Ligand SMILES: Cc1ncc(COP(=O)(O)O)c(C=O)c1O
Ligand SMILES: Cc1ncc(COP(=O)(O)O)c(C=O)c1O
Ligand code: FES
Ligand code: FES
């Protein structure tokens, strides 16, 4: 059995989530758009689920749109608003440590005639508010900044930014895929107009996402998927009822046990990090340690290469950079952005902890790493002596 | 227990499909993009599933794109090609009996500066090949015509059209959502460049679709969802592994038992139709009876209103028009298109049969209809005498 | 060995690298790669008076493919003459490893380059013009392309 320290790549489905989904994969199969009783019953249950999600986020029920992934939510928010508001202006702002689903969408919009500012982050991995203020222009229509980064876990000052956006009549979207379930996420407190999250990072299945859209914005968003009137006309397609029921349950659980979860996950992460830094020489943490979500530890093991260490320590499931980039040999754009040492960068691994990890696993993982870092360093020409 | 005669709106999940999905909702949760062993194993299984789907369609594995719904596949095919080829031309052709996911997409593209021809159908509900030929222009880039209609079941001459398209250097997409599992569907035989189908019409869950894209076209399609390199860079987002495994199983089953299924479903549909037409006066079938898929029976019950009948005969799950239009009081655009009598139109119901129906249900449904049609007609001022 | 990105042979060499280490009194040392690019390969050759490789060792910073390529290279080098060594291309290494993923082919190229660099160093130390290495390589390449035609 591997030790799963890759919860930021994807999480197991919580048994409680699995249980509530089951009937919808079996006897409760009617189409929620059908007007017969079986259809209407499913419709009611689906709308109740929407309410549960809204309640976790401090949103209204009608502000919750179910999508097919976090990536789709990001695309829908950014393209939907850019196209919908293009007559108001064509300037967009984001940061250079966003997830690919955000970055690639902006790159596409650049080709479509939009002007995009990519804000730099400091060496801690955090966007500077003054830089941000300066970047806003007359024709800025949208800002998209992630709440917590997926590689180093750093938390961005989204609340402050959203306030500045509101003062300047600019819309703000935040990608909260990594933040939800690890810190309080409330759209009213944050003041954002749109917010993305994804099921498979919060113990619901892969293939469902949510986009919160401020009621006042719903008329302007251009849908990605046209067709039937599903999701308030913003996303056509027969609803993925089982996963919607599942993600609502996942949200309900977070509402219940966020504090308990973050305490436990943070404890395990800190234990891990403390032992690694103390017991394995020439290691350090990437990104601000004090402004991070509780789940992520991005560690550089000097003199060796991350993927090699992953294979040596194959009992541990973890990541080099983000999972999406594993098919390329390029180092992570996030580590570049925080000015990480270009040599050390190759020795960085991301360990991400979750609800179902335990102390025994963490200790075992450290022992495994210790042994294998040593082995690989013996091979490394970068070590001065053996 | 209701009698489910609404299989064209959505189908129950086949137990065999359910079984193969289960492990992926439980212990097999790793992200297929992760490079650790657990991730790579899931990747292998996912690509095997892609191969299974390809094999049913007579396509290459790399021509199969998994999406979040039939609607998304339709949107991706049509917008993706229109945007990708807009420098070649801006004329598009479709029919006026397409599903909303197709029609609304074309309506949106009209606003975006494309020119769309909506082909009429004859009273049988079939597109005329001569009309079609005449509609092709120098600047035509794409034709999208459904293989089988979702309201009346009529089969369009897609094979002939695709040949004409190829002769004229035009791309052809077909929406095979209703056709798959009811008739042979092979992309090589059909000669189409793109083909859509949806999981929840073939006994897999709601929330997964497939788009077949001819290899030579993959470089031109503009994605709907930008981000990571998933699905050959054509659809970003962590893959819905459980449903992908499920839809592949559903395809495997179709490959195995298409003949058996169509024979049984056709037998039940014909039995139903024969009894209704014989035993309930003033009823008739909408659309060509001989050029239909085996599963659909769209019947007009004169002098009464369809929704009223549905409520009276509430043990039967069926549809007025398509499920997606059930929230509007407009009569079906398909019945309009075939020149159905404007009064009768309101008395039309669609009954759709599936793998899990049986003769007893069909006979019971006819009896229930008989009784309730009679009751409602007694209330109807349109009946000359009782 | 668990199913991974690599062939069993690659994994075997990666997990149990042969001839890892340094040679104090090497006759030639080659170092190629750039730590900033994530890979450095250092190769130590001990060549006897007959021009035969008596001992060979490596140190590598890089991924599994780089380490396996180094290890395989050392195995292929042992007992070979200087001329035979130069015939050793990255293709031979990839073949001996039973294949590498496309993104990792350059790791085997690095091994070939490390061998070249070590030989040049050896030629320099014995007072020969290291350019010979390039010339021989050139000849081998030509021969290969002729064969293909
Ligand atoms: C012909 C046709 N096309 C497209 C769709 C849309 O499929 P989905 O509900 O998976 O988006 C349907 C069914 O709703 C359909 O019948
Ligand atoms: C910050 C962030 N945004 C977006 C995504 C995309 O989510 P999904 O995989 O559901 O498309 C991820 C995870 O992959 C993420 O970490
Ligand atoms: S009779 Fe009520 S909607 Fe027409
Ligand atoms: S050492 Fe760089 S990819 Fe192999």
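Annotations for the structure displayed:
- The one condition in (1) away from chain A (no Cβ under 14 Å); (2) on the phi > 0 side of the Ramachandran plot; (3) crowded, with 22+ Cβ neighbours inside 10 Å that residue C:47 fails to fulfil: (2)
- Residues (surrounded by 20 or more Cβ atoms within 10 Å (Cβ to Cβ), more than 17 Å from residue C:85 (Cβ to Cβ) and more than 9 Å from chain A (Cβ to nearest Cβ)) located in the range C:1-32: C:10, C:13
- Strands (runs of 3 or more DSSP E) wholly inside the range A:166-270 containing at least 1 residues that are away from ligand 2 (no atom under 16 Å from the Cβ): A:171-175, A:209-213
- Of the set (1) more than 20 Å from residue A:373 (Cα to Cα); (2) touching a residue at least 24 places away in the same chain (Cβ under 8 Å); (3) in contact with a strand residue (DSSP E or B) (Cβ under 8 Å, 6 or more places away or on another chain), all apply to residue C:58 but (1).
- The set of residues in the range B:1-22 that are part of a helix (DSSP H, G or I) and facing another protein chain (nearest Cβ under 7 Å) contains only B:18.
- Among the residues of the range B:23-60, those that are in contact (Cβ under 8 Å) with a residue 40 or more places away in the chain, in a helix (DSSP H, G or I) and within 13 Å of chain A (Cβ to nearest Cβ) comprise B:24, B:25, B:42, B:46.
- Applying the criterion of being part of a loop (DSSP other than H, G, I, E, B) and in contact with a helix residue (DSSP H, G or I) (Cβ under 9 Å, 6 or more places away or on another chain) to the residues of the range B:123-151, the residue that is nearest to the other protein chains (Cβ to nearest Cβ) is B:150.
- Scan of the range A:13-35 for residues that are touching a strand residue (DSSP E or B) at 6+ places or on another chain (Cβ under 9 Å) and modelled with pLDDT of 95 or more, ordered by number: A:29, A:30, A:31
- If you go through the range A:285-302 and keep only what is surrounded by fewer than 23 Cβ atoms within 10 Å (Cβ to Cβ) and in contact with a helix residue (DSSP H, G or I) (Cβ under 7 Å, 6 or more places away or on another chain), you end up with A:285, A:294, A:299, A:300, A:302.
- Test: residue in the range A:357-372 that is away from ligand 3 (no atom under 16 Å from the Cβ), more than 14 Å from chain B (Cβ to nearest Cβ) and at pLDDT below 95: no
- Filtering the range A:210-227 for residues that are touching a strand residue (DSSP E or B) at 6+ places or on another chain (Cβ under 8 Å) and either within 16 Å of ligand 4 (Cβ to nearest atom) or over 19 Å from residue A:78 (Cα atoms) (or both) leaves an empty set.
- Residue within the range B:346-358 that is out of contact with any strand residue (DSSP E or B) (no Cβ under 9 Å at 6 or more places or on another chain) and free of Cβ contacts under 8 Å to residues at least 24 places away in the same chain present: no
For every residue, the table says whether it meets (1) within 23 Å of residue C:16 (Cβ to Cβ); (2) in contact with a helix residue (DSSP H, G or I) (Cβ under 6 Å, 6 or more places away or on another chain); (3) in a strand (DSSP E or B).
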position	(1), (2), (3)
C:42	yes, no, yes
C:49	no, no, no
C:72	yes, yes, no
C:83	no, no, no
C:94	yes, yes, no
C:100	yes, yes, no
C:128	no, no, no
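The values are calculated or read from the model by the stated rules, or taken from the named source; none is laboratory data. This structure is a prediction, so every number in the text was calculated from the model and none was measured. Counting neighbours? That spans all protein chains shown, and the Cβs are built from the backbone with ideal geometry, glycine included.
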